[in-house]
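K.L.:
Mind looking over this structure? Questions follow.
Each value in this text was obtained by applying a stated rule to the coordinates, not by laboratory testing. Here the structure is a predicted model, which is why all the values come from computation and not from measurement. Reconstructed Cβ throughout: ideal geometry from the backbone, glycine too, with neighbour counts over all protein chains shown.
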Amino acid sequence: MNETKELLTAKETAEFLGLSEITVYKMTYKKQIPYVKLGRTKRFEKSKLNEWINKNSYDTINSRK
C-alpha cells in the first residue's frame, strides 16, 4: 500500500491556517498542533490539520439557548 501524504512547511501551514509562521512554531513548541519531525525540520500533514480544525471547531450559532 503506497499512501502519499501531503506535508506542508511551517510557512505553508501558516498560510493554510491564516496565522503567522511564528505562531505556528509556538504552537508546535506547546504541542497545540499536530506535526511530524523529520530530522531538524517540522512538517504538517494537511489531513491531520483538517482533523485538528474539525475537532477544535465550535458551532457558536447553535450553542446558544
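K.L.:
If you add up the charges near Y25, with Lys and Arg at +1 and Asp and Glu at -1, over every other residue whose beta carbon is less than 11 angstrom from its beta carbon, what do you get?
P.N.:
That works out to +3.
K.L.:
Continuing with this model, one more query. Using the Cβ atoms and a cut-off under 14 Å, what net charge is assigned to the surroundings of R43, where Lys and Arg are +1 and Asp and Glu are -1?
P.N.:
Spelling it out: positives minus negatives among the neighbours equals +3.
K.L.:
Same structure again: Answer with a single label: of (1) 45, 45, 33; (2) 49, 34, 19; (3) 35, 21, 19, which was calculated as Cα extents along the principal axes in Å from the structure in view?
P.N.:
Recomputing Cα extents along the principal axes in Å here picks out (2).
K.L.:
In addition: For the Cα atoms of the chain, what angle does the longest principal axis make with the long axis of helix 46-55, in degrees from 0 to 90, nearest 10?
P.N.:
20 degrees
K.L.:
A follow-up question, please. Could you give the dipole magnitude of the stretch 7-57 about its Cα centre, charging the beta-carbon of Lys and Arg +1 and that of Asp and Glu -1, in debye to the nearest 20?
P.N.:
Magnitude of the dipole: close to 280 debye.
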